[in-house]
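> Take a look at this one; I'll ask things after.
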Amino acid sequence: MKRIKVAAGVLNQTPLDWDRNKRNILAAIDAAISQQVQILCLPELCITGYGCEDAFQSLAVQSLALELLEEIVPHVEGSIVSLGLPLWHAGGLYNVACLVANQQILGFVGKQNLAGAGLHYEPRWFKPWRENTQATTTVAGREYPLGDLIFDCSGIRIGFEICEDAWVGNRPGHKLAERGVDVILNPSASHFAFGKNKVRRGFVLEGSRSLHVSYIYANLLGNEAGRAIYDGDAMIASDGQMLVTGPRFSCRETHLSSAVIDVGRTRMSREQLDSYPTEVVDDPGSCLSVAFEFVESAPEATETAELPAWEDSPAIKGEEFTRAVALGLLDYLRKSKSHGFVVSLSGGADSATVAVLVAMMVRLTCREIGVAGLAEKLAYLPGAENLTDEQQWIRRLLACVYQATRNSSETTRSAAESVATALGAEFFAFDVDRLVEGYVDTVSTAIGRKLNWEDDDLALQNIQARVRAPSVWLLANLRNALLLATSNRSEAAVGYTTMDGDTCGGISPIAGIDKAFLRDWLRWMETNGADGCGPIPELTLVNVQQPTAELRPPAEGQTDESDLMPYSVLDAIERLAIRDKLSPLEVFQQLQVDLRMESAGYSHEMLVGWTRRFFQLWSRNQWKRERFGPSFHLDDENLDPKTWCRFPILSGGFERELRELESFYQAQKTALEET
């Protein structure tokens, strides 16, 4: 026997949603059995969900996970399936993969390398399993092997790398290959980030080539727990050839990607090299021999796996952004049982982005599973069965509100209404100027003087933003909808946002992405649009404007960049200071040699001033970032203090470091003047 049909199954799970998770797992198992799949790899911690956080420490959660495992095992018949769950053993909790075959638990393999960077926090809950260690654990009164195990199923050897295990230099796969493993399963919970798919594809392909094995990779799918979005990557490679890849960002609950692997071929490839031993001697108890009757599969074409057109797009970052956030919004909507979204649409770039993404959520979902499929996903919505086309669904799920004061312009109002109409959203226009004046008059009377722009600039700006919050919250409550905040990462970095004003919302879907990218993305959406969806020309009314808060009198010509600094500079400083952890002086030195800064004509004096301003505003506004609505993680530069970028609310404000910067610049300036 040489050829075996295998599959990677991706699942859209929800932490602690036992019934949903079990239903998805059984659907994947049933689909695999119906397709004559003999080895099925399901994602990491798929029984509990990956994002259970401190609930992993609950004994009840650990017990329920084992209870579900016992309920699933009888459905695994005529196949081998890996299932992920937490397992308590000898005083520690472990992240394990359980291998099940023919209605029997074969054993548990512990994850050796825990993910602890970025949003990952696994070492808080789990212990790493030690290499070359085996034990016996008791589940429901029966003893099972646990540890660094391989499974010899009637001569076919199966081993595991669990997610992070494959990302480290000394990956367990090397030892597995030396022990004669034919198939490596990688159950994963690897959150989406721009370009991350290429990294995963690399270690799957290279692992299969250098280890001379067949490699099955199965990732989670969707917005699982509120912040992280999983793209549902599924890959099967054999001996350096990608056999199949699954669709990313699918809105389906489950998806199987299957292929026929040739065990004889990978063995022959390994035997031709001197780098692997010809005799395999296993440590006692490290290899479990199990009887399993494999059925020879018919050969399949071995052409290189093809990717959908958008995966090859020169605008791949825009395509990924559109699909990731659209899927994130869809899952957040249905898992929270909300009845739609409300966006305070200012006519500017940020709110237009959020509104467009909601519309794209509907369009991409309908193009994949049809209007009826969307209605089935949102069956809890009253009247869902009566919505028969995309436009009806967009109008049902998206309400946009333009809220004017005397400082608002016809330009932004026209842009807001045109974009909302083009998308098919319901549009409202509120005049909140009298509310602003009411608060201003009340406070003026109380303090005994008239508030004025010369003395009270910031307060008069903020009250306009804050007054807009109650009415849009009221509309969201009336519709049982979720209010979406519209602040971006660039604003979050420097606190250029009004707390309890434009930060209001249940989630902040674009708080993890910078302003420069958003402006580029909107221009791309205006002229090209996501593959299969087409452009939105009406966005030109947004794109021709300079970003502005429109909170000062129109005669002042307020813009975001005049208030702060050019967004390109702000984003560059943020990456150097926060992502790369450079000091103010080091940031300035990097900016000095940045050709973009030179070509833009920015003087060193400007760069010093902007660097100083960034660090001061960053330190001063940590409290705002602490209060932002949950944001989606889209890259490795997120500022979310709850899951990614922790910083003290109270700090020294980089005062000493900024003095160092000033001294350096003055010395540099003096030296230049003398020459």
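The values are calculated or read from the model by the stated rules, or taken from the named source; none is laboratory data. Predicted model, so just to flag it, every value in this text is computed and none were measured. Positions of Cβ are generated from backbone atoms using ideal geometry, with glycine treated the same way; all protein chains shown enter the neighbour counts. These accessible areas exclude ligands, DNA and RNA; they are computed on the full protein's heavy atoms, side chains included. Shrake-Rupley method; radii C 1.70, N 1.55, O 1.52, S 1.80 Å.
> Within the range 63-106, take every residue that is of a type in the set (S, T, N, Q) and farther than 20 Å from Leu220 by Cα and give me the one that is least open to solvent (accessible area, probe 1.4 Å).
It comes out as Ser79.
> State whether the residues of the range 56-65 include one that is at pLDDT 95 or above and under 23 Å from the mean Cα position of the chain (by Cα).
yes
> Let me ask you something else. Quick test of your reading of the structure: Gln545 fulfils all but one of (1) under 28 Å from the mean Cα position of the chain (by Cα); (2) touching a residue at least 40 places away in the same chain (Cβ under 8 Å). Name the failing condition by number.
Tallying (1) under 28 Å from the mean Cα position of the chain (by Cα); (2) touching a residue at least 40 places away in the same chain (Cβ under 8 Å), Gln545 fails exactly one: (1).
> Follow-up. Go through the range 586-602 and report how many residues are surrounded by 19 or more Cβ atoms within 10 Å (Cβ to Cβ) and either in contact (Cβ under 8 Å) with a residue 40 or more places away in the chain or of a type in the set (Gly, Ala, Ser) (or both).
Summing the residues that are surrounded by 19 or more Cβ atoms within 10 Å (Cβ to Cβ) and either in contact (Cβ under 8 Å) with a residue 40 or more places away in the chain or of a type in the set (Gly, Ala, Ser) (or both) in the range 586-602 gives 1.
> Given the condition closer than 20 Å to Ile216 by Cβ and surrounded by 19 or more Cβ atoms within 10 Å (Cβ to Cβ), answer yes or no: does some residue in the range 47-59 qualify?
Yes - at least one qualifying residue is present in the range 47-59.
> Still on this structure, I have one more. What's the number of the only condition in (1) touching a Lys or Arg at 6+ places or on another chain (Cβ under 7 Å); (2) buried (at least 19 other Cβ atoms within 10 Å of the Cβ) that Cys533 fails to meet?
Going through (1) touching a Lys or Arg at 6+ places or on another chain (Cβ under 7 Å); (2) buried (at least 19 other Cβ atoms within 10 Å of the Cβ) one by one, Cys533 breaks only (2).
> Taking into account only those residues within the range 362-371 that are without any contact (Cβ under 8 Å) to a residue 40 or more places away in the chain and open to solvent by less than 20 Å² (accessible area, probe 1.4 Å), which is farthest from Leu329 (Cα to Cα)?
Across the range 362-371, the extreme among qualifying residues is Cys366.
> Working only within the range 344-361, note down all residues that are open to solvent by less than 10 Å² (accessible area, probe 1.4 Å), among the aliphatic types (A, V, I, L, M) and not in a loop (DSSP other than H, G, I, E, B).
Listed by number, the residues that qualify are Ala352, Val354, Ala355, Val356, Leu357, Val358, Ala359, Met360, Met361.
> Among the listed residues Glu538, Glu550, Glu556, identify the single one that is within 22 Å of Val467 (Cβ to Cβ), open to solvent by 40 Å² or more (accessible area, probe 1.4 Å) and either out of contact with any Ser or Thr (no Cβ under 6 Å at 6 or more places or on another chain) or of a type in the set (Asp, Glu) (or both).
Only one candidate passes the filter, namely Glu556.
> Considering only residues that are under 26 Å from the mean Cα position of the chain (by Cα) and open to solvent by 20 Å² or more (accessible area, probe 1.4 Å), which ones fall in the range 15-46?
Pro15, Leu16, Asp17, Trp18, Asp19, Arg20, Lys22, Arg23, Leu26, Ala27
> Please verify whether the range 249-270 includes one or more residues that are open to solvent by 20 Å² or more (accessible area, probe 1.4 Å), outside any loop (DSSP other than H, G, I, E, B) and without any contact (Cβ under 8 Å) to a residue 12 or more places away in the chain.
Yes, the range 249-270 contains at least one residue that is open to solvent by 20 Å² or more (accessible area, probe 1.4 Å), outside any loop (DSSP other than H, G, I, E, B) and without any contact (Cβ under 8 Å) to a residue 12 or more places away in the chain.
> Please identify the pairs in which a residue from the range 203-216 that is closer than 15 Å to Leu273 by Cα and open to solvent by 10 Å² or more (accessible area, probe 1.4 Å) has its Cβ atom under 8 Å from the Cβ atom of a residue that is hydroxyl-bearing (Ser, Thr, Tyr) and assigned to a loop (DSSP other than H, G, I, E, B), counting only partners at least 6 apart or on another chain.
If the second residue must be hydroxyl-bearing (Ser, Thr, Tyr) and assigned to a loop (DSSP other than H, G, I, E, B), the pairs left are His212/Tyr276.
> A further question on this structure: Find the residue count for the range 147-198, including only residues that are among the polar types (S, T, N, Q) and open to solvent by 30 Å² or more (accessible area, probe 1.4 Å).
Of the residues in the range 147-198, 2 are among the polar types (S, T, N, Q) and open to solvent by 30 Å² or more (accessible area, probe 1.4 Å).
> Moving on. For the range 311-328, check the following and say yes or no: at least one residue is of a type in the set (A, V, I, L, M, F, W, C) and open to solvent by 20 Å² or more (accessible area, probe 1.4 Å).
The answer is yes, given that some residue of the range 311-328 is of a type in the set (A, V, I, L, M, F, W, C) and open to solvent by 20 Å² or more (accessible area, probe 1.4 Å).
> Considering (1) under 26 Å from Gly118 (Cα atoms); (2) of a type in the set (D, E, K, R); (3) open to solvent by 20 Å² or more (accessible area, probe 1.4 Å); (4) assigned to a helix (DSSP H, G or I), say which one Arg646 fails and leave the rest.
(4)
> List the number of the failed condition for Ser651; all other conditions in (1) over 23 Å from Thr498 (Cβ atoms); (2) polar (S, T, N, Q); (3) touching a helix residue (DSSP H, G or I) at 6+ places or on another chain (Cβ under 6 Å) hold.
In the conditions (1) over 23 Å from Thr498 (Cβ atoms); (2) polar (S, T, N, Q); (3) touching a helix residue (DSSP H, G or I) at 6+ places or on another chain (Cβ under 6 Å), Ser651 misses (1) alone.
> Residues to consider are Ala422, Ala416; find the one that is surrounded by fewer than 20 Cβ atoms within 10 Å (Cβ to Cβ), under 25 Å from Val358 (Cβ atoms) and modelled with pLDDT of 95 or more.
Ala422
> Give the residue that is farthest from Gly240 (Cα to Cα), with candidates limited to residues of the range 171-212 that are assigned to a helix (DSSP H, G or I) and among the polar types (S, T, N, Q).
Asn197
> Has the range 563-576 got any residue that is open to solvent by 50 Å² or more (accessible area, probe 1.4 Å), under 26 Å from Ser418 (Cβ atoms) and not in a loop (DSSP other than H, G, I, E, B)?
No, the range 563-576 has no match at all.
> To continue, here is another question. Which numbered condition in (1) loosely packed, with under 12 Cβ neighbours inside 10 Å; (2) more than 29 Å from the chain's Cα centre (by Cα) is the only one that Ala379 fails?
(2)
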